[in-house]
Every structure is written in structure tokens, then in C-alpha cells.
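Peer 1: Please read through the structure below; I'll follow up with questions.
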Amino acid sequence: MDENKRQQYRTVAWIQIFALVLMITGCGDAGTSNGSIRGQVFSNRSGGALTKTPEAGVSVVAVFDGEPERVRNAVTDGNGQYVIPDLPIGKYRMGYIKDGFDPITTEKGTSDVQSAVGDGGPTIIYVDSGSTVTVGDITLVQKAPEGDGIVIINLIDETTGEPVNGATVTVGEASTSNGSNGQYVLTVPVRIKNDTGAPGQDLSVTINVDGYERKIDTVQALAGQTTQTTIRLNPITGFIQGTIILSRFNSKELYNLQSAQIYVDGIPGSVSPQNDEGFFSLEVPVRTDLNNRSYTIRVKLKGFFDQVVNNVLAPEAGAVEVNIPPLLPETVTVIGDVVNPVTRFAAVVEGIGLEGGVTGPFVSCPQLEPTQGTFSIDGVPTYTLTALKVSVTTYECSDNQPPTFVKSETDISPVNNGTGVFRAGTISGGGGN
């Protein structure tokens, strides 16, 4: 074969090789060339849906939407940017995935995981000849963590505010009766809340304890974290009953027993007697084998010293009776001045049997000027509903006649001012000639 023919064969071979390369690279058609896809991926890890941060290390995939299926990949850089070069003309479905984030898949049709791109389906990109297509910003949503979390339940008595021990506390699938000072610690498995991706999981809480109403509640648990909540329990209650009586001055005109107040130490509020006979009924938490409750009862009535009864055992159910000793009155000594007193007669507080002494000069008529004296009565009650009446015997003189004795009176409303003495006004007698 001469040299010319060899040269022709070489030329044909090179043309065939070049044509084959064009077919493989997709540039066999005149005037067409491959394109590329670029974009940037963010995440919501900086806090909330309204903020986003460039996310590095995201696997990006472009799948040719035709036959034969072609798959090309890229990984985002430190700025969350990526480029997929040398793509033949056509439509591509884009996918994005990174551990710890909800994926954006390339699957056709709708899927819950597509919500990260906002339109409920895969992102479709068309690559034209020689073009670089920029995909809109993609934001990946960080998954809520799953795993074990710690839930701390603090139990408080709704009535007394005391910590509640001896309870059986169940949170989700976990349960414990090992509480100290009202605090119960449980380790619980946590899943994503309602499959929405929201952090944490709402778990039911059931509390059973002797002496309290059964409690059902809800708490949120977070994987890898500790959450704490306080739950108040309503105790089962019974009644402490009794009657208030007064050691003295037990008159409805002087004191209204229904204005008394009865307190239980450690329990807010108070009650008053239910009738004018002084009967009262206090609602209190019952005692149990684990909580042998006893109470201190305090009775207050204005004008009387407080009465305290200690170690009143709570009822196991129903009611128990308590004996309240009679209330002792706070009394004062009432003093005052008297004009023309007759000293051999006592000063009297009308209607309650109290008397006191009267001082002054000897009575003699005719008397040119009135005489001056004083009176003093011990043990007079204070803060009575109505005024008290004090009477003193005084004298009157008439011309050339023996003195005439008369009752002179004044109203008083004694109070306890801290001195033990209450000064009344002056009681005036009849006078001289």
C-alpha cells in the first residue's frame, strides 16, 4: 500500500474516533453544549424559620428526568454553595440531604419531607445548552433529636403547699415511686413531636397517691435534655368540728359568735361559726398511713384572747370533734370622775354584774359647792356590740332638807389601748342649793 492510501486510512480513523467522543460527551449535535446547575443551601439551625445559616457538607443530587436516568452529585462548601457541571440538556430533579435535617428528595409526586422547599414536591430544574442555571435558595429544616430525656415532676399539696411523698408517678412508659421531698425523676424515651419535626414530645402523666385525688396531666420531654414541672394535687378532705363558747359575757347583746375566725396553721383562709351558738366546721386534708396529719387550731374573736389547741388529729374520713376551751375576755379598768358622789354606794356596769368603788368627800347639806369624786371598775369587757352603761349614786341638796340620792349614768365603749385602763367621761350629780 502506497503512502497516500495509508494517510487516507489514518484520516478516516481519526474522524471515527472524534465522532465517537462527540456521541459520548453529548456534543454530537451541531451548536449544542452541556450546561451546569449551581445554588446555595441554608439551614434553620441559627434559630427559627425566619433566620437561616449557610450549611456546609450537604449532599446535592441532580437526577435526569428522562431516559436513560443520569445521576450527578455535589457537596456544598463552607458557604453552602455547590456546582454540578457538564450536564446534558434536559430536566433535572434536585435532592438535598444531610444527617440531622429533613431531606428534600428527588422522588416524583408529593411527600411530607418535601415541605422544606415549600411547594410539596421535588425541585425541577431545566438545563439549556451551554447555560448555568441557578437554583433558588434551599433551606433545610433541622430534625428534632430523638433519644432519652429526663423529666422531673415536683408534687405539691394544693391546700397546704407541702411536698407530696409516697406517690406513684407515671410519665409515658416510665414509672417511679422513688420520690424525695416531693420530687420524682424519670428517664423517658422521646420521639419527634407528632411527626411534625417540632422538638420534644408531649407525654401523659398519671399520679396516684393515698390521700389525694388521682391526677392526669401532660408534660413535654426533650431528647438529651432535662425538663421540670410542678403539679399540684388536690387532697381528699374531712372535717374538724367544734363549738366556741365564752368564759364570761356570753350575751348576744355583747358579742356575736359568728364574727369569730377559726384558723388552721399551714392552711390558708379561715372559717366562722355557722350559727350564733358558735358551731364551726373546718375542712382539712385527711390523714393517711404515710401522712399522719395533725393540726393546730386558732380561734380569734375581738375582745378576747386567742385560743390555741395543738395536736388536733386529722380525720381519716368524715369528721372529728375538737374541744375548744372557753375564750377569756380582754378586760380593762374603767375610771372616771363623779360630781357629788355618794361613796357608800358602788359604781355599777349595768346588766353584767360588775361593780367598783367610789371615792369623794363626806356628804353634807346644805352644800355651797359641788363635791368631786372618782370611780373605778375592774374587769370591764372591751369591744362590745353595744355601749355599756355605768351608773353611780349621787346626791342633791335642797333648802333646809336632807340630801336626796339619785342615780347618775354615762355610756362607755371600752377598748384595749394597751394600758389596761379606759377613762370614761364625768358623771354629774344634782348639784348644790
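The values are calculated or read from the model by the stated rules, or taken from the named source; none is laboratory data. All figures in this text were calculated on a predicted structure; none of them were measured in a lab. Here Cβ is always computed from backbone atoms with ideal geometry, including for glycine, and neighbour counts include all displayed protein chains.
Peer 1: Take the stretch 159-182 and flag every residue that is surrounded by 15 or more Cβ atoms within 10 Å (Cβ to Cβ) and either in the same structural domain as Asp289 (by TED's automatic domain parsing) or part of a loop (DSSP other than H, G, I, E, B) (or both).
Peer 2: The answer is Thr159, Thr160, Glu162, Val164, Asn165, Gly166, Ala167, Gly172, Gly179, Gly182.
Peer 1: Still on this structure: Considering the stretch 366-378 alone, what residues qualify as being within 21 Å of Gly353 (Cβ to Cβ) and either surrounded by fewer than 17 Cβ atoms within 10 Å (Cβ to Cβ) or more than 60 Å from the chain's Cα centre (by Cα) (or both)?
Peer 2: Phe375, Ser376, Asp378, listed by residue number.
Peer 1: Test Val185 against the criterion of being within 26 Å of the chain's Cα centre (by Cα), modelled with pLDDT of 95 or more and surrounded by 14 or more Cβ atoms within 10 Å (Cβ to Cβ), and give yes or no.
Peer 2: So Val185 fits the description; yes.
Peer 1: Right, something else. Given the criteria in contact with a Lys or Arg (Cβ under 8 Å, 6 or more places away or on another chain), under 21 Å from Leu354 (Cα atoms) and either hydroxyl-bearing (Ser, Thr, Tyr) or in contact (Cβ under 8 Å) with a residue 12 or more places away in the chain (or both), does Thr410 qualify?
Peer 2: So Thr410 fits the description; yes.
Peer 1: Could you check the stretch 277-289 and list, in sequence order, the residues that are out of contact with any helix residue (DSSP H, G or I) (no Cβ under 6 Å at 6 or more places or on another chain) and part of a loop (DSSP other than H, G, I, E, B)?
Peer 2: Glu277, Val286, Arg287, Thr288, Asp289
Peer 1: Can you tell me which residues in the stretch 58-89 are under 16 Å from Thr139 (Cβ atoms) and either basic (Lys, Arg) or in contact with an Asp or Glu (Cβ under 9 Å, 6 or more places away or on another chain) (or both)?
Peer 2: Of everything in the stretch 58-89, those that are under 16 Å from Thr139 (Cβ atoms) and either basic (Lys, Arg) or in contact with an Asp or Glu (Cβ under 9 Å, 6 or more places away or on another chain) (or both) turn out to be Thr76, Gly80.
Peer 1: Another question, if that's okay. Taking the criterion of being at pLDDT 95 or above, on the phi > 0 side of the Ramachandran plot and surrounded by 13 or more Cβ atoms within 10 Å (Cβ to Cβ), would at least one residue in the stretch 379-396 satisfy it?
Peer 2: yes
Peer 1: Moving on. Whether any residue in the stretch 318-328 is farther than 30 Å from Val415 by Cα and of a type in the set (D, E, K, R) is what I want to check.
Peer 2: yes
Peer 1: Name the pairs: first residue in the stretch 130-156 and polar (S, T, N, Q), second residue surrounded by 16 or more Cβ atoms within 10 Å (Cβ to Cβ) and part of a loop (DSSP other than H, G, I, E, B), Cβ to Cβ under 7 Å, at least 6 apart or on different chains?
Peer 2: Short answer, once both residue conditions are applied: Thr139/Asn44; Thr139/Lys52; Gln142/Asn44; Asn154/Gly182.
Peer 1: Right, next: With the requirement that a residue be surrounded by fewer than 20 Cβ atoms within 10 Å (Cβ to Cβ) and either in contact (Cβ under 8 Å) with a residue 12 or more places away in the chain or under 20 Å from Pro403 (Cβ atoms) (or both), what does the stretch 344-355 give you?
Peer 2: Arg344, Phe345, Ala346, Glu350, Gly351, Ile352, Glu355
Peer 1: Could you grab me the full set of residues in the stretch 192-205 that are loosely packed, with under 15 Cβ neighbours inside 10 Å and modelled with pLDDT of 75 or more?
Peer 2: Once the filter is applied, which keeps residues that are loosely packed, with under 15 Cβ neighbours inside 10 Å and modelled with pLDDT of 75 or more, the stretch 192-205 yields Asp202, Ser204.
Peer 1: Ok, one more. So in the stretch 325-334, with the set limited to residues that are assigned to a strand (DSSP E or B) and surrounded by 17 or more Cβ atoms within 10 Å (Cβ to Cβ), which one is farthest from the chain's Cα centre (by Cα)?
Peer 2: Among those residues, the one meeting the criterion is Val334.
Peer 1: So in the stretch 290-324, with the set limited to residues that are small (Gly, Ala, Ser) and part of a loop (DSSP other than H, G, I, E, B), which one is farthest from the chain's Cα centre (by Cα)?
Peer 2: Gly303
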